[in-house]
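Any read-out appearing in this document is the output of simple, stated calculations on the displayed coordinates, not a laboratory observation. Just so we're clear, the structure is a prediction, and the values are computed from it rather than from any experiment. Cβ placement follows ideal geometry from the backbone for every residue including glycine, while neighbour counts extend to all protein chains displayed.
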Amino acid sequence: MKNVIAIVINLALVILLEACESKRNPLPYYGETEIVSVQQADGSHNEQLRYMPVPKFLLTNQDSLPIKRSDFEGKVTIVDFFFTECPSICPMLTSQMARLQKEFDNAGLREKIQFVSISVKPSSDSPKTLRAYAERLGADLRNWTFLTGREEDIYPLAEKGFFLTAFPSDSAQGGVFHTDQVTLLDSEMKIRGYYEGTSTKAMDSLFIDAKDLITSLNHP
């Protein structure tokens with residue numbers, strides 16, 4: 001009898017947990033918007049607000065290969081801005097990214113997620129430098145890309161594309177003032193969340209939200 005009661009209780013807990021998961025609010029959208037006209041079944045048109053993906057870009061990865069936005073479309077993507085000589089927030093930021101990469105790998109989701117780290121000090125972060133940094137970090141380059149390029153491309157991408165701070169500053173450690181926020185993008189490269197990259201709690205939330213996006217991608 002006790003075994004039967006235990007089974008019933010366990011089933012009830014499973015149902016309750018699944019119900020809680022189903023009640024999770026969908027992630028919001030962030031970024032630029034546009035008004036589009038959508039045709040209805042009766043032939044009429046309604047205007048709807050649509051969020052735009054992050055802007056197109058062309059940067060260079062750790063292997064000196066050209067990388068563009070479309071290379072990441074179709075998968076959930078986690079993006080941070082950093083530079084290899086950063087003495088302040090970057091070591092903790094990149095270690096949290098590395099931790100999350102292992103978490104997704106342990107969850108069997110490596111093929112479903114991508115990590116992207118964009119240097120905000122390209123003058124010193126050559127592809128060779130980025131690769132050496134990634135190797136020291138122990139990053140799995142199968143789904144973690146390190147990018148560099150021109151300042152005139154990267155700073156506008158950070159500030160106007162991701163709505164994050166990145167600019168040269170004589171008062172900042174390392175010569176560049178930049179955000180510690182990590183951005184979550186869906187499979188259409190639309191912004192779905194910002195997370196404090198130096199916070200374990202915030203990055204744990206990112207892990208959960210990214211898994212939700214992966215689930216919705218598999219089961220629309």
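Taking R0 as 45 Å, what's the FRET efficiency between residue 218 and residue 47 from their Cβ-Cβ distance, rounded to 0.05? Walk me through the intermediate numbers first.
Working: r = 31 Å, r/R0 = 0.69.
Calculated value: 0.90.
Students often check this: by mean Cβ neighbours within 10 Å, which of 48-60, 93-105 ranks highest, and how do the rest follow?
Details: 48-60: 15.2, 93-105: 19.0.
Packing order, densest peptide first, comes out as 93-105, 48-60.
Which Cα, out of 96, 119, 65, lies furthest along the positive dipole direction of the stretch 55-218 (beta carbon charges, K/R +1, D/E -1)?
It is 65.
To the nearest 0.05, what FRET efficiency results for residue 132 and residue 33 with a Förster distance of 35 Å applied to their C-beta separation? List each step's numbers first, then the result.
Working: r = 40 Å, r/R0 = 1.15.
Efficiency for this residue pair is about 0.30.
Pop a pseudo-label 7 angstrom from the Cα along the beta-carbon direction at both residue 141 and residue 171 and give the gap in nm to one decimal.
Result for the modelled spin labels: 3.9 nm.
Using alpha carbons only, how many degrees (0 to 90, rounded to 10) separate the axis of helix 127-137 from the longest principal axis of the chain?
Compared with the principal axis, the helix lies near 50 degrees.
What is the extension gain from residue 199 to residue 105, computed as 0.36 nm multiplied by their sequence separation minus the C-alpha to C-alpha distance, in nm to one decimal?
Residue separation times 0.36 nm, minus the Cα-Cα distance, leaves 31.8 nm.
Under a straight-distance cross-link criterion of Cα-Cα below 19 Å, which aspartates and glutamates are reachable from residue 75, leaving out those fewer than 8 residues away in the same chain?
Cα-Cα hits under 19 Å: 103, 105, 111, 140, 186, 188, 209, 212.
What are the residues whose amide H is under 5 Å from the amide H of residue 146, where those residues sit 5 or more places off or on another chain and H is modelled from the backbone?
Those qualifying (amide H under 5 Å, at least 5 residues apart or on another chain) are 62, 117.
Given charges of +1 on the Cβ of Lys and Arg and -1 on the Cβ of Asp and Glu, with all other atoms neutral, how large is the dipole of the chain about its Cα centre, in debye to the nearest 20?
Numbers: 23 positive and 29 negative charges, 116 e Å.
Rounded to the nearest 20 debye, it is 560 debye.
Give me the Debye-computed log₁₀ of I(q)/I(0) at q = 0.11, 0.15, 0.21 Å⁻¹ for the stretch 55-218, equal point scatterers on Cα only, no solvent, two decimals.
Each listed q maps to, in turn, -0.39, -0.75, -1.61.
Output the peptides 66-74, 112-120, 152-160, 209-217 sorted from most to least packed, where packing is the average of other Cβ atoms within 10 Å over each peptide's residues.
Numbers: 66-74: 14.1, 112-120: 23.9, 152-160: 16.4, 209-217: 18.0.
The peptides rank, most packed first, as 112-120, 209-217, 152-160, 66-74.
Through the Karplus equation 6.51 cos²θ - 1.76 cosθ + 1.60, θ set to phi - 60°, convert the phi angles of the stretch 111-124 into ³J(HN,Hα) values in whole Hz; use x for Gly and Pro.
Computed from phi, the couplings for the stretch 111-124 are 6, 9, 10, 10, 10, 9, 10, 10, 6, 9, 10, x, 4, 10 Hz.
Restricting the count to DSSP beta bridges whose residues both fall in the chain, what percent are antiparallel, rounded to a multiple of 5? Walk me through the numbers before you get to the answer.
Details: 24 of 35 bridges.
Given both bridge residues lie in the chain, the antiparallel proportion sits at roughly 70 percent.
Using θ = phi - 60° and the Karplus relation 6.51 cos²θ - 1.76 cosθ + 1.60, list the HN-Hα couplings for the stretch 61-69 in order, rounded to whole Hz, with x at every Gly or Pro.
Computed from phi, the couplings for the stretch 61-69 are 8, 5, 9, 6, 9, x, 10, 10, 4 Hz.
If the reach is capped at under 22 angstrom between alpha carbons, list the lysines near residue 68, excluding any in the same chain fewer than eight residues apart.
Those lysines meeting the cut-off are 56, 112, 121, 128, 160, 190.
For every helix of n ≥ 4 consecutive DSSP H residues, a contribution of -39,500 (n - 2.57) applies; sum these over the chain, divide by its total residues, and give [θ] at 222 nm rounded to the nearest 500 deg cm²/dmol.
Computed ellipticity for the chain at 222 nm equals -11000 deg cm²/dmol.
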